[in-house]
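Input: a single structure, listed below in structure tokens.
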Amino acid sequence: MPLKLAAIGALGHMLSPAARHLTEADPTPAHVCTVLDRGTSGRLKETRREAWKNQGATCVDSIKALLAPDDLDGLIICAGKNGDDIPLIEAALPILSQKGAFLLHCSTISPRCVQHAHALCTAHKIEYVNWPLTGGPKGAETAQMLILASGNPKLYERLLPLLNCLGQPKYFGDQLEQAAQIKLVGHTLVFSNLLGLCTATTCYTHLNQGPLISPEATEFFDFLNQGAGGSRQWNVALRPGLAADHWDTGFMVNHALIDALYTAQMLIDFKVSLFNLLPILLTASSLALLVKTWGDRWGTHQLVQLFQQLDTTQLNVWLEDTIDFKDPERSLLNILATLPQALQETCRLDG
């Protein structure tokens, strides 16, 4: 029998393609009965709503209605960050507990938050796992995104047909927060490569090769990216900006900044050296300055323009004010304090 599920975040980039994948699967491993719908307008949202309706789901506007179907096996949440998702989990717990349903949490949150969410669920006798997704919207659309799993091996085996339908799952062992940690390990590659590309584009302007946003610059980095220092971040993040002056797509800075703080927090918990930690702290702090200067609705490759447009002295002073070499934990709090209140509440570093 297919699993009977409810979903929060089903209209977002990463989970919405599941409607089509589940509809086309034969046999289908799961049926999503209800989807939480906050009523956001727009053609893309309408298209996603229609896809879920075609799959057989009903769009509802409350947690109570979301979890109303009989014989519900589980709830999937792929919604936000620590501060977004914990209230959703707390609201769902009493109903999930009555139904004996599991909670599959696919959001990128901090390992500390995973432990907190697990404690809440355990107190209500609910099986909880956090299995983050990586690969971006394109990976979700093509069912090629990576699904990072850890924790209860029996639940993994039970959900494996569903996971195989949505992407490429891999199980990393029974340690609860392992999957969340591995997602952030991936972010160390993302942010370090992004920082390197920003430095490379800064160097380009000093080579007198012409304007940065130009066919010549794009051709230059297309060529250079084929070498030993090549990175997927060139095509994923920077190329759309330099080639077409598109700066509002991709890895959005409001998400990236919080993920960078989670990554830095994990590295601090791991007691790594400053050599390992500083690239992530520098990126997080620079992104914070980007948010302060241009708001928080930009792709991360906007960082290139930050380096190009801001006075070097201004950036240096900002970094000196926010990053404390002798107290990395204080650095996290310094960066967090510069953010708009809404982002601080979403981040919720304490889990």
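The values are calculated or read from the model by the stated rules, or taken from the named source; none is laboratory data. If you're wondering where the values come from, they're calculated on a predicted model, not measured in any experiment. Cβ: placed from backbone, ideal geometry, glycine included. Neighbour counts: every protein chain shown. The protein model used for the area step is the full one, side chains on, heavy atoms only, and it has no ligands, DNA or RNA in it. Shrake-Rupley method; radii C 1.70, N 1.55, O 1.52, S 1.80 Å.
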- Query: Tally time: how many residues in the stretch 101-137 are within 23 Å of Thr263 (Cα to Cα) and of a type in the set (Lys, Arg)?
  - Reply: 1
- Message: So, in the stretch 204-218, how many residues would count as being open to solvent by less than 70 Å² (accessible area, probe 1.4 Å) and either within 27 Å of Gly12 (Cβ to Cβ) or in a helix (DSSP H, G or I) (or both)?
- Response: 4
- Which is within 21 Å of the chain's Cα centre (by Cα), open to solvent by 70 Å² or more (accessible area, probe 1.4 Å) and under 25 Å from Ile86 (Cα atoms), of Leu333, Leu339, Leu349? Leu333
- Query: If Thr188 satisfies every condition in (1) surrounded by 15 or more Cβ atoms within 10 Å (Cβ to Cβ); (2) polar (S, T, N, Q); (3) touching a Gly at 6+ places or on another chain (Cβ under 8 Å) but one, which is the exception?
  - Reply: (3)
- Please work out which one of (1) surrounded by fewer than 13 Cβ atoms within 10 Å (Cβ to Cβ); (2) closer than 23 Å to Gln344 by Cβ is the condition Gln309 fails and give its number. (2)
- Task: From the list Thr249, Thr263, Thr283, pick out the single residue that is modelled with pLDDT of 95 or more and surrounded by 13 or more Cβ atoms within 10 Å (Cβ to Cβ).
- Result: Thr263
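Residue check: is Arg297 more than 15 Å from Val185 (Cα to Cα), touching a Ser or Thr at 6+ places or on another chain (Cβ under 8 Å) and open to solvent by 20 Å² or more (accessible area, probe 1.4 Å)?
Working: more than 15 Å from Val185 (Cα to Cα): yes; touching a Ser or Thr at 6+ places or on another chain (Cβ under 8 Å): no; open to solvent by 20 Å² or more (accessible area, probe 1.4 Å): yes.
It is false that Arg297 is more than 15 Å from Val185 (Cα to Cα), touching a Ser or Thr at 6+ places or on another chain (Cβ under 8 Å) and open to solvent by 20 Å² or more (accessible area, probe 1.4 Å).
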- Item | Counted residues, the stretch 63-94 - those being farther than 27 Å from Met1 by Cβ and free of Cβ contacts under 8 Å to residues at least 40 places away in the same chain | 4
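Can you name every residue in the stretch 99-122 that is of a type in the set (Val, Ile, Thr), open to solvent by 10 Å² or more (accessible area, probe 1.4 Å) and in a loop (DSSP other than H, G, I, E, B)?
Thr108
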- Check on Phe221, farther than 25 Å from Trp318 by Cβ, crowded, with 20+ Cβ neighbours inside 10 Å and modelled with pLDDT of 85 or more: yes
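Being touching a His at 6+ places or on another chain (Cβ under 6 Å) and not in a strand (DSSP E or B) is the filter here; which residues of the stretch 128-137 pass it?
Step one: list which residues in the stretch 128-137 are touching a His at 6+ places or on another chain (Cβ under 6 Å), which gives 128, 130, 137.
If the condition is that a residue be touching a His at 6+ places or on another chain (Cβ under 6 Å) and not in a strand (DSSP E or B), then Pro137 is the only one that fits.
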- Item | Criterion (closer than 22 Å to Leu261 by Cβ, touching a Ser or Thr at 6+ places or on another chain (Cβ under 9 Å) and part of a helix (DSSP H, G or I)) met by exactly one of Leu148, Leu189, Leu176 | Leu189
- Note on the structure: Reported set for the stretch 136-179 where residues are of a type in the set (S, T, N, Q) and under 17 Å from Ser107 (Cβ atoms) is Ser150, Gln178
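Check Lys125, Lys154 and return the single one that is part of a helix (DSSP H, G or I) and not acidic (Asp, Glu). Working first, answer last.
Numbers: Lys125 fails: part of a helix (DSSP H, G or I).
When all the criteria are applied, what remains is Lys154.
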- Within the stretch 296-316, which residues are of a type outside the set (A, V, I, L, M), outside any helix (DSSP H, G or I) and free of Cβ contacts under 8 Å to residues at least 24 places away in the same chain? Asp311
- Please work out which residue is farthest from Leu133 (Cα to Cα), limiting yourself to the stretch 148-181 and to residues that are open to solvent by less than 10 Å² (accessible area, probe 1.4 Å) and without any contact (Cβ under 8 Å) to a residue 40 or more places away in the chain. Gly151
